[in-house]
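Input: a single structure, listed below in structure tokens.
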Amino acid sequence: MTDLHCKLISSAGVFPLRVITNRKYGPPEVLKLEEWEIPKPKEDQILIRIVNTSVNSADWRLRKPDPKIVRLFFGIFKPRSVVLGISFSGIVEAVGKKVTKFQVGDKILGSPGMKMGTYAEYICVSEKSTITKFTSGISFAEGATLSFGGLTAVDFLQKCNVHTKQTILIYGASSAVGTATIQIAKHFGAIVTTICSKENIPLVKSLGADESFDYDQFFSLPENNKYDIVFECVGKTTIDKNLKHLKEGGNLVLVGATFRQMWESFCLSVFKRKKIHFGPIKETLENLNFLVSLTNLGKYKTYIDRHYPLEEMVEAHHYVEAGHKKGNVVIDVTKG
Ligand SMILES: NC(=O)c1ccc[n+]([C@@H]2O[C@H](COP(=O)([O-])OP(=O)(O)OC[C@H]3O[C@@H](n4cnc5c(N)ncnc54)[C@H](OP(=O)(O)O)[C@@H]3O)[C@@H](O)[C@H]2O)c1
């Protein structure tokens, strides 16, 4: 049972909180709608009424689980965290005695990190979480989609020390991470080439891509097309193929690396001095605030593919797991 929510007490009948639970591993149908009591914030916590959350690739991977080794970290026999969800926007409804940064009525967005729990109408989070206030320049739906792809893109681009006039090749550019990476790389002055399906070329161009190839063109791309950064967003290519398009001394990012690719990358880094970045990102408040200010300046906009109501979470998971969402999928939880 997650510590973010009180126990199921639907019989109390007072202010029940609707929550989507994930009590066992399996297909989307394991997700169930339950009613719980609204939690009370501890001294350093705030109670948030969630307006929107989003369904990300991390969510279905944890639910399934995929890869199976996920069980080692998140519960061998059943998921340790009963409520999934790692990004949200909402409104502060109550604050603990020691909270200083937030007050009732503030609009908040961000991530509870791997504690998860945003597939619910209410959540209590520490004020020290990666959460921040936002104003009317950002919609609740945008707010709920800001942290997942955006924080991933910023973290990896920082590791590559991206700067003006560098060339970057983004593979899987229509994904949540890809659509964020295009815009943030452009903000830093990079020259962006994207790879995605033919259908998504207009989308990635509208987000700022300077040049776009579809998957087939990528596989026949001449080896002398080389880039300062190769940014693989979806884990669908080989390390070899990516290295062929990397300039000497350039940075390769493997956002969705498998364990095998991580091992291979580690060996290449140690023995061949290749700069390969992989593994979980560090979510920081500084980076979240950076994304909020870019959005307020009109330089960053999360791309939203679809909305589902909370009670259609099963359908949302089927859609996201199929692997063809464009950008982000939003869940409407309560009214903004
Ligand atoms: N390291 C970290 O901390 C971290 C953080 C976030 C995410 N991730 C990982 O990053 C990966 C991407 O996450 P995401 O949520 O951004 O993915 P996503 O949005 O679910 O990816 C869907 C997109 O991928 C594209 N795609 C599917 N097959 C493709 C292929 N063969 N070649 C190129 N594009 C293809 C689809 O385009 P089409 O429909 O046109 O094929 C679709 O637009 C996941 O593996 C996730 O686990 C890692």
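Given the structure, is Lys186 of a type in the set (Lys, Arg) and either within 30 Å of Gly298 (Cβ to Cβ) or near the ligand (Cβ under 10 Å from one of its atoms) (or both)? Yes; evaluated as a whole, the condition is true for this residue.
To keep it simple, each residue is scored yes or no on (1) closer than 22 Å to Ala58 by Cβ; (2) not in a helix (DSSP H, G or I).
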position: Val253; (1), (2): yes, yes
position: Ser269; (1), (2): no, no
position: Pro280; (1), (2): yes, yes
position: Tyr300; (1), (2): yes, yes
position: Glu311; (1), (2): yes, no
position: Val314; (1), (2): yes, no
position: Tyr319; (1), (2): yes, no
position: Gly323; (1), (2): yes, yes
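Of all residues in segment 147-170, exactly one satisfies the criterion of being touching a strand residue (DSSP E or B) at 6+ places or on another chain (Cβ under 6 Å), assigned to a loop (DSSP other than H, G, I, E, B) and more than 20 Å from Gly235 (Cα to Cα), namely Gln166.
Yes or no, residue by residue, for (1) within 16 Å of the ligand (Cβ to nearest atom); (2) among the hydrophobic types (A, V, I, L, M, F, W, C):
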position	(1), (2)
Gln45	no, no
Ile50	no, yes
Ser54	yes, no
Ile76	no, yes
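Looking only at residues in segment 57-70 that are at pLDDT 95 or above and open to solvent by 80 Å² or more (accessible area, probe 1.4 Å), the one that is farthest from Lys115 (Cα to Cα) is Lys64.
Scanning segment 57-73 for residues that are of a type in the set (Phe, Trp, Tyr) and within 18 Å of the chain's Cα centre (by Cα) returns a single hit, Trp60. When segment 321-333 is filtered for residues that are touching a strand residue (DSSP E or B) at 6+ places or on another chain (Cβ under 6 Å), within 15 Å of the ligand (Cβ to nearest atom) and at negative phi, the ones remaining, listed by number, are Lys325, Lys326, Asn328, Val329, Val330, Ile331.
If the Cβ limit is 8 Å and pairs must be 6+ apart or interchain, which residue in segment 188-215 that is without any contact (Cβ under 8 Å) to a residue 24 or more places away in the chain and under 20 Å from Asp228 (Cα atoms) pairs with which residue that is more than 12 Å from the ligand (Cβ to nearest atom) and of a type in the set (S, T, N, Q)? If the second residue must be more than 12 Å from the ligand (Cβ to nearest atom) and of a type in the set (S, T, N, Q), the pairs left are Asp210/Thr193; Glu211/Thr193; Phe213/Thr193.
Taken together, the criteria exclude Phe271 from residues that are of a type outside the set (Lys, Arg), open to solvent by 70 Å² or more (accessible area, probe 1.4 Å), away from the ligand (no atom under 11 Å from the Cβ) and in contact with a strand residue (DSSP E or B) (Cβ under 9 Å, 6 or more places away or on another chain).
If you filter segment 207-248 down to residues that are under 25 Å from the mean Cα position of the chain (by Cα) and open to solvent by 90 Å² or more (accessible area, probe 1.4 Å), you find that the one that is nearest to the ligand (Cβ to nearest atom) is Lys236.
Just one of the listed residues (Ala141, Ala94, Ala173) is of a type in the set (A, V, I, L, M), part of a helix (DSSP H, G or I) and either modelled with pLDDT of 95 or more or open to solvent by 20 Å² or more (accessible area, probe 1.4 Å) (or both), and it is Ala141.
Say whether the condition of being touching a strand residue (DSSP E or B) at 6+ places or on another chain (Cβ under 7 Å) and assigned by TED's automatic domain parsing to the domain that holds Asn161 is met by at least one residue in segment 257-267. For segment 257-267, residues touching a strand residue (DSSP E or B) at 6+ places or on another chain (Cβ under 7 Å) and assigned by TED's automatic domain parsing to the domain that holds Asn161: present. Of all residue pairs spaced 6 or more apart or on separate chains, those with beta-carbon atoms under 8 Å, a first member in segment 320-336 that is acidic (Asp, Glu) and a second member that is within 13 Å of the ligand (Cβ to nearest atom) are Glu321/Trp60; Glu321/Lys64. Report whether or not Val83 is more than 17 Å from the chain's Cα centre (by Cα) and either in the same structural domain as Ser175 (by TED's automatic domain parsing) or hydrophobic (A, V, I, L, M, F, W, C) (or both). No.
Within segment 279-320, the set of residues being open to solvent by 60 Å² or more (accessible area, probe 1.4 Å) and within 13 Å of the ligand (Cβ to nearest atom) comprises Pro280, Lys282, Glu283, Tyr303, Arg306, His318. Taking residues in segment 249-261 that are closer than 17 Å to Tyr227 by Cα, and partners anywhere that are open to solvent by 40 Å² or more (accessible area, probe 1.4 Å) and near the ligand (Cβ under 9 Å from one of its atoms), the pairs with Cβ atoms closer than 6 Å and at least 6 places apart or on different chains are Leu254/Phe278.
For segment 59-91, filtering for residues that are outside any helix (DSSP H, G or I) and out of contact with any strand residue (DSSP E or B) (no Cβ under 7 Å at 6 or more places or on another chain) leaves 12. Of the residues making up segment 282-298, those that are in a loop (DSSP other than H, G, I, E, B) and closer than 14 Å to Ile138 by Cβ are Leu297, Gly298.
The values are calculated or read from the model by the stated rules, or taken from the named source; none is laboratory data. Because the structure is a prediction, the values reported are computed rather than measured. Neighbour counts are summed over all protein chains in view; Cβ atoms, including those assigned to glycine, are modelled from backbone coordinates with ideal geometry. Protein only, heavy atoms only, side chains kept; ligands, DNA and RNA dropped before computing areas. Shrake-Rupley method; radii C 1.70, N 1.55, O 1.52, S 1.80 Å.
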